[in-house]
Amino acid sequence: MRIYVDFDDCLCETARYFTKIAARMFGKNVPYEDIKFFNLQKSFELNDDEYKQFMLEGHLSESLLAYDETPNASKVLNELMDKGHEVCVITGRPDCTYDDSRRWLDEHGLNRTKLYFLNKYGRDTFFPKGNYNLELEDFYKMDFDYAVEDSPLAFKYLDNFPKLKVLVFDRPWNQECALQDNYVRCPGWEFIKEQIK
Ligand SMILES: [Mg+2]
């Protein structure tokens with residue numbers, strides 16, 4: 001089986017880290033549980049200039065390398081790869097973060113995963129486009145059996161794969177969206193492991 005795995009808030013606790021940045025830079029104290037919108041500008045009530053600073057701060061090397069691993073992510077993915085499954089990390093991060101993103105994976109025992117950058121959210125306006133970008137048409141030529149994803153904004157891309165089973169990583173910002181039959185809400189990695197046969 002080939003498995004698509006999103007990076008932020010599937011493999012690592014990005015939003016929790018962003019709550020600390022928002023508090024430190026702008027005095028915005030929004031608990032993780034209250035991040036109701038995937039749009040962090042909206043969730044933290046930042047103006048355009050604050051949001052730009054916020055995103056740049058979150059994409060610095062020291063930030064990217066400091067994100068905590070989501071419990072059991074590496075353990076479960078290694079078990080799946082040991083069974084012969086292929087894991088492709090498909091992130092919406094700007095591809096200028098390639099070195100730090102690759103390093104984070106390698107430092108967390110995920111050196112066997114492949115890493116691709118797909119502009120899922122249109123955030124590349126903040127960052128120059130580099131060599132690791134995966135174009136949408138090439139992404140659609142890839143084939144996946146399962147996808148682990150937290151962002152409702154990414155679901156529209158996944159709907160181009162008719163046989164895909166989507167494992168929705170349970171997060172405060174995806175509670176409201178109606179899930180189709182091939183979508184399953186997953187509280188964590190041990191649960192995800194049980195879904196992949
Ligand atoms: Mg994500």
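No value in this document is a laboratory result; all are computed from the given coordinates. Since the structure is predicted, the reported quantities are computational estimates derived from the model, not experimental observations.
A straight chain from Glu137 to Lys20 at 0.36 nm per residue would run longer than the Cα-Cα distance by 38.5 nm. Residues whose amide H falls under 5 Å from that of Phe38, counting only those 5 or more places apart or on a different chain, are absent, with hydrogens built in the peptide plane. The calculated P(r) of the chain, using every Cα pair and 5 Å bins from 0, goes 1, 7, 16, 20, 21, 18, 10, 4, 1, 0 in percent. Taken one residue at a time, the phi angles of the stretch 90-95 give Karplus couplings (6.51, -1.76, 1.60, θ = phi - 60°) of 10, 9, x, 5, x, 6 Hz. Gly and Pro are set to x. For Val5, the amide hydrogen comes within under 5 Å of the amide hydrogens of Cys88, Val89, Ile90, Val148, counting only partners 5 or more places away or on other chains and with H modelled in the peptide plane. Across the stretch 4-118, Cα pairs under 8 Å and at least six residues apart give a relative contact order of 32 percent. Taking every DSSP bridge with both residues inside the chain, close to 5 percent are antiparallel.
Dividing the summed helix terms, -39500 (n - 2.57) for each DSSP H run of n ≥ 4, by the number of residues in the chain produces a 222 nm estimate of -9000 deg cm²/dmol to the nearest 500. The H on the amide N of Phe44, modeled in the peptide plane, is under 5 Å from the matching H of no residue at least 5 residues off or on a different chain. Rounded to whole numbers, the Karplus 3J(HN,Hα) couplings from phi for the stretch 133-149 are 5, 9, 6, 4, 5, 6, 4, 5, 7, 6, 10, 10, 9, 9, 9, 10, 8 Hz, using 6.51 cos²θ - 1.76 cosθ + 1.60 with θ = phi - 60°, and x at Gly and Pro.
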